[in-house]
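Let me begin by presenting the structure, written as structure tokens, before commenting on it.
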Amino acid sequence: MGISAKKKSILVGLFLPFLLVLAAQQAFGLDVPVARIVDDSALRTRARDTWLVESPARVLAMPRALHDLDGGGRVEIRAVGRPSEILVQFARQHHTCGQFTGWVQGSWEFTRARNCGAIRQVRVFPRSDANTFVQFRPFGADRVQMDVLIYDAYVVRGQTLPVSMDRLSVMPLNDILQLAGSRFPVRYFQPNPDDFRDQRQFIANVRERLPELRFADDGAIDHSGRFVYIATGEEQRGQPGLNCSGFAKWLIDGILRPVTGERMAIPPLKAPFGDRGSSFTDDFEELRDPFFGLDWIRNLASQAGTVLRSPAFGTLEEIEVRREPFSQVILRRGSNVSTRSFPGFLENAGYGIEGLLPLLYTLAIDEPGRFFLAAVNNDMYAPHAPRDWRGRPWMRQYFHVAALVPYFDEQGVFQVAVFESATETSISRFKNRYALGHHVSLVRVPLERAFDP
């Protein structure tokens, strides 16, 4: 028997709220906004004397304990020993795999001194990402200092809050963050995956076309569709292909051609763009062409901004990334961990390679709807030149170009797609390829869903 129209209407009325909630959960991934994290302060209060005050030796001897939260979800309390400290973790259960990883949204981690048991640090994970968290350190008897870390960069460092460490340890997270107010950048902990649909579509479009390409030194496609050499404009010999610069042009052509109906000409992309260099480098423009990569990505981004938005969006002030969301970064070299200052944007250089990943994270959140062309540079000299060749001196040179697409997938997981030299690589391979001292200049490119290079 069929269902009557009236019954169908009743069923729709009953299930519509459920469907709307489900859609919202899918739209924002598996995490919830920070203000809606299920509170576990009552559990921390009950567990305080056992796990946070008891001697470290006894805490380490205790078995793991599972608890159900009144608002939903489960927490595993456990202790992990280290040479000079112990970690007491209130680990939330993962949304899908069921594991208690220690970094699921709402998890807490207390670092206690092994000799005296004092709490040295409290770390909280406002989103399910081991690389994004807020931590608190004691600062006198009745204050703490707050740090906010995003992929080993201090977005906030040493912000003082008027609460003791003992009190903070059992407070609701939202009460703590209210003390911080606008000094806590909550936007970095609740990205909306829906904002990155265009990035995901662009990545899929590029991946679909990559099998058509191969690498060729100095290779690009000119305005007429011919594979040519960038330096001379002559048609390529043998198997045609693209180098890193030609591939970046292929990407921008893919975005612009559906709008303009044509590919860009190559000579204008090689023209100097904006201020760069100095009186010293002027003498080496023809000998070394040190700013080729910088001029190339600036011209590409300017053309994209002009065509897809307006001429005002093609200016250097609009296309070049010059933001400084953090001032310190953590460096990890094997077992060695250190903190160093990060000066942010530097003229004629861009950003230190060590700060690239957190920079891309903050750019993804603050500037959705864009991807970025990167020009890698370093102080270099011409190693194969004759000793008396005047082009040999050390100078900053832009030697590689890549496209970086930071985004969040449908589950809210941060990722960076890296396209370079007619292939896709990874952000870890890209970063690890260059030692400290290398810098990256970035320019913005608007995203469009249509792609036809």
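The values are calculated or read from the model by the stated rules, or taken from the named source; none is laboratory data. What you see is a predicted model; the values in this text were computed from it and never measured. Counting neighbours? That spans all protein chains shown, and the Cβs are built from the backbone with ideal geometry, glycine included.
Hey, does segment 162-179 have a residue that's more than 29 Å from the chain's Cα centre (by Cα) and small (G, A, S)?
Among the residues of segment 162-179, at least one is more than 29 Å from the chain's Cα centre (by Cα) and small (G, A, S), which makes the answer yes.
Hey, does segment 106-118 have a residue that's part of a strand (DSSP E or B), surrounded by fewer than 20 Cβ atoms within 10 Å (Cβ to Cβ), of a type outside the set (F, W, Y) and in contact with a helix residue (DSSP H, G or I) (Cβ under 8 Å, 6 or more places away or on another chain)?
yes
How do the pairs read when you match residues in segment 111-124 that are among the aliphatic types (A, V, I, L, M) with residues anywhere that are assigned to a strand (DSSP E or B), using Cβ under 6 Å and keeping only pairs 6 or more apart or on different chains?
A113/E85; A113/R120; I119/F110; I119/R112; V122/F110; V122/F136; V124/W108; V124/V134
If we only count strands (runs of 3 or more DSSP E) wholly inside segment 376-453, which ones have 2 or more residues that are of a type in the set (A, V, I, L, M, F, W, C) and either out of contact with any Pro (no Cβ under 9 Å at 6 or more places or on another chain) or modelled with pLDDT of 90 or more (or both)?
Output list reads 395-408, 414-420, 439-446.
Using the structure shown, decide if F345 is within 19 Å of V401 (Cβ to Cβ) and crowded, with 23+ Cβ neighbours inside 10 Å.
Criteria not met by F345.
Looking at segment 172-193 only, could you name the residues that are in contact with a helix residue (DSSP H, G or I) (Cβ under 8 Å, 6 or more places away or on another chain), surrounded by 17 or more Cβ atoms within 10 Å (Cβ to Cβ) and either among the aromatic types (F, W, Y) or part of a loop (DSSP other than H, G, I, E, B) (or both)?
F184, Y188, F189, Q190, P191
Residue under question is R197, and the condition is that it be surrounded by fewer than 21 Cβ atoms within 10 Å (Cβ to Cβ), under 30 Å from the mean Cα position of the chain (by Cα) and either under 30 Å from D295 (Cβ atoms) or modelled with pLDDT of 95 or more (or both); does it hold?
yes
In segment 226-259, which residue that is of a type in the set (S, T, N, Q) and surrounded by 13 or more Cβ atoms within 10 Å (Cβ to Cβ) is farthest from the chain's Cα centre (by Cα)?
Filtering segment 226-259 for residues that are of a type in the set (S, T, N, Q) and surrounded by 13 or more Cβ atoms within 10 Å (Cβ to Cβ), the one farthest from the chain's Cα centre (by Cα) comes out as Q236.
Being closer than 26 Å to L256 by Cα and either in a loop (DSSP other than H, G, I, E, B) or among the β-branched types (V, I, T) (or both) is the requirement here; does V337 meet it?
So V337 fails the test.
For segment 436-453, name all the residues that are loosely packed, with under 13 Cβ neighbours inside 10 Å and either within 15 Å of the chain's Cα centre (by Cα) or small (G, A, S) (or both).
The one that is loosely packed, with under 13 Cβ neighbours inside 10 Å and either within 15 Å of the chain's Cα centre (by Cα) or small (G, A, S) (or both): G437.
Scan segment 403-420 and report the pairs whose first residue is without any contact (Cβ under 8 Å) to a residue 24 or more places away in the chain and whose second residue is in a loop (DSSP other than H, G, I, E, B), with Cβ atoms within less than 9 Å and a gap of 6+ or a chain change.
Close Cβ pairs satisfying both conditions: Q415/D409.
Can you tell me how many residues in segment 168-202 are closer than 15 Å to R143 by Cα and either in contact with a strand residue (DSSP E or B) (Cβ under 9 Å, 6 or more places away or on another chain) or β-branched (V, I, T) (or both)?
Counting residues in segment 168-202 that are closer than 15 Å to R143 by Cα and either in contact with a strand residue (DSSP E or B) (Cβ under 9 Å, 6 or more places away or on another chain) or β-branched (V, I, T) (or both) gives 7.
Quick one: which of L242, L256, L251, L269 is under 22 Å from D295 (Cα atoms), free of Cβ contacts under 8 Å to residues at least 40 places away in the same chain and of a type outside the set (D, E)?
Only one candidate qualifies: L269.
Please pick out the residue among G293, G261, G277 that is at pLDDT 95 or above and of a type outside the set (D, E).
G261
Check R127 against each of (1) touching a residue at least 12 places away in the same chain (Cβ under 8 Å); (2) not in a loop (DSSP other than H, G, I, E, B) and name the one condition it does not meet.
(2)
Rundown of residues vs (1) farther than 30 Å from D166 by Cα; (2) modelled with pLDDT of 95 or more, yes/no style:
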position: G2; (1), (2): yes, no
position: S9; (1), (2): yes, no
position: L20; (1), (2): yes, no
position: Q26; (1), (2): yes, no
position: G29; (1), (2): yes, no
position: R36; (1), (2): no, yes
position: A42; (1), (2): no, yes
position: S55; (1), (2): no, yes
position: G72; (1), (2): no, no
